[in-house]
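What follows is a single structure, written as structure tokens, with notes after it.
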Amino acid sequence: MILEVKSKTKYNLKPIQQRVEVTFNYPVHFTNGIFDVDNSLLTSVVANDGEAKPKKVVAVVDDGLLSHRDGLLEELEEYCRFNSSILSLEAEPLVVPGGEAAKNNPQLVEEIHQLVDTAGICRHSYIIAIGGGAVLDLVGYAAATAHRGIRLIRIPTTVLAQNDSAVGVKNGINAFGKKNFLGSFAPPYAVLNDFDFLNTLNERDWRSGIAEAVKVALIKDADFFEFISNNAALLARRDLQVMQQVIYRCAQLHLQHIATSGDAFEMGSSRPLDFGHWAAHKLEQLTNYRLRHGEAVAIGMALDSTYSYLEGMLTHGEWQQILNTLKTLGFELYVPELNEESEIEHPRCLFRGLNEFREHLGGELTLTLLQRIGEEIEVHAVKNSSYQQAITLLSNAKM
């Protein structure tokens with residue numbers, strides 16, 4: 001089309017409206033002995049990409065895992081040698097700190113980028129991340145920003161990672177004293193859950209991951225919560241068969257939400273899978289990450305459940321069942337940091353977490369509460385007085 005431009009005339013051209021639809025597909029597998037040379041899961045995932053082999057891979061490993069899984073690096077290297085027609089390990093595995101330390105050190109992102117560069121990894125190569133949720137978040141962020149996206153294979157090794165963080169589409173690190181301030185939405189190429197890694201966990205890490213299962217059950221599946229509640233004592237005693245069922249159902253519900261919520265990349269103002277998380281994120285910071293993420297989430301859920309009860313949404317019986325289930329699982333539901341400062345302007349006031357949560361999402365404040373077990377409700381304003389009362393009830397309940 002030729003436009004005739006007349007002198008001294010201004011034109012507002014009609015906007016070109018663009019719409020892009022992108023479909024993501026990634027499998028979540030469950031296995032045992034992921035690096036046994038006769039276990040073909042990892043090689044089959046890579047071989048399934050339909051491209052020429054062997055494929056270049058590098059690996060990043062959680063150092064907290066190595067003290068409980070002696071010989072893991074050698075297992076990985078031997079696996080790649082045995083399957084050299086499919087996998088080409090281009091460098092020694094990079095070992096990084098586990099836990100929140102992984103997300104608090106931006107230098108680690110640069111180290112992973114350097115590994116990608118030195119090893120000649122491209123978008124058709126793979127980064128294998130092996131470890132807990134914090135390490136997977138770190139590696140996912142680095143993978144998403146190298147070459148604008150390297151294929152990421154997550155091998156989660158904790159309950160929390162297997163049932164929640166590893167199966168999602170979020171990656172990130174902490175910055176400016178705030179949880180996940182830097183990050184990306186980038187689905188993994190595949191998630192490979194190896195239940196054998198659960199045997200490496202200490203009591204706190206075993207228990208912490210159950211908090212996310214309780215969370216998704218409370219907001220989406222009353223029957224699942226009943227299952228967890230009925231089996232809480234067995235879970236506390238580390239019954240592996242029950243835990244496998246919990247991990248599988250939790251991962252399933254998480255994936256269903258991502259696929260069907262209509263807001264997989266959180267373009268809106270709500271994050272319904274973050275029930276209990278506004279307080280949890282702030283408590284992690286206030287305790288200098290003394291609390292594990294799952295431990296903080298358990299406290300956050302107890303707080304939000306108590307608030308929901310005080311506001312007339314939960315019955316007394318439902319509220320008590322939630323608290324009793326969390327206690328039976330072994331969670332403490334009160335820490336002094338909940339009530340350390342009441343002045344909202346004080347940097348150590350819990351309720352600053354509400355605004356930080358809103359800032360992280362953008363738009364108006366949107367919190368997920370419970371109107372009954374298995375059914376969530378979104379609210380955009382809360383009463384600080386009711387939350388203060390909820391904190392008092394939790395403080396008394398610990399006695």
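Read-outs: derived from the displayed coordinates by stated rules, not from any lab. The model shown is predicted, which means the values in this text are computed figures rather than measured ones. No Cβ is skipped: glycine too gets one built from the backbone with ideal geometry, and neighbour counts run over all protein chains shown.
Values computed for the structure shown
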item: Karplus-derived HN-Hα couplings along region 217-224 (A = 6.51, B = -1.76, C = 1.60, θ = phi - 60°), whole Hz, x at Gly and Pro; result: 5, 4, 9, 9, 8, 4, 5, 5
item: Vicinal HN-Hα couplings computed from phi for region 75-87 (Karplus, 6.51 cos²θ - 1.76 cosθ + 1.60; Hz; Gly/Pro x); result: 4, 4, 5, 5, 4, 5, 5, 5, 10, 5, 6, 10, 10
item: In region 119-205, trypsin sites (Lys or Arg not before Pro) in a DSSP loop with at most 14 other beta-carbon atoms within 10 Å; result: 123
item: Residues 313, 301, 243 arranged by fewest to most Cβ contacts within 10 Å; result: 313, 243, 301
item: Sorted by Cβ density within 10 Å, fewest first, the residues 30, 275; result: 30, 275
item: Net lengthening on full extension, residue 48/residue 287 (0.36 nm per residue, minus Cα-Cα); result: 81.6 nm
item: Of 149, 71, 50, the one that fluctuates the most in a GNM where the chain has Cα springs shorter than 10 Å; result: 50
item: Using a Förster distance of 22 Å, the FRET efficiency for residue 392-residue 178 (Cβ separation, nearest 0.05); result: 0.20
item: Highest-fluctuation residue, 120, 99, 300 considered, GNM on the chain with Cα pairs under 10 Å; result: 120
item: Distant-in-sequence amide H partners of residue 182 (H built 1.01 Å from N, under 5 Å); result: 173, 175
item: The chain - convex hull of the alpha-carbon atoms, volume per residue in Å³; result: 185 Å³
item: Under 18 Å, Cα to Cα: Lys pairs in region 28-200, sequence gap 8 or more or different chains; result: 5
item: Dipole magnitude (debye, nearest 20) for region 28-200, charges at Cβ of Lys, Arg, Asp, Glu; result: 800 debye
item: Cα gyration tensor shape for region 231-369, rounded if a/c is under 1.5, else prolate or oblate; result: oblate
item: Backbone N under 17 Å from the residue 24 label point (7 Å along Cα→Cβ), restricted to region 46-67; result: none
item: Residue order, fewest to most beta carbons within 10 Å, for 206, 278; result: 206, 278
item: Hz values of 3J(HN,Hα) by residue in region 283-293 - Karplus curve (6.51, -1.76, 1.60), Gly and Pro given as x; result: 5, 4, 5, 5, 8, 6, 6, 4, 7, 5, 4
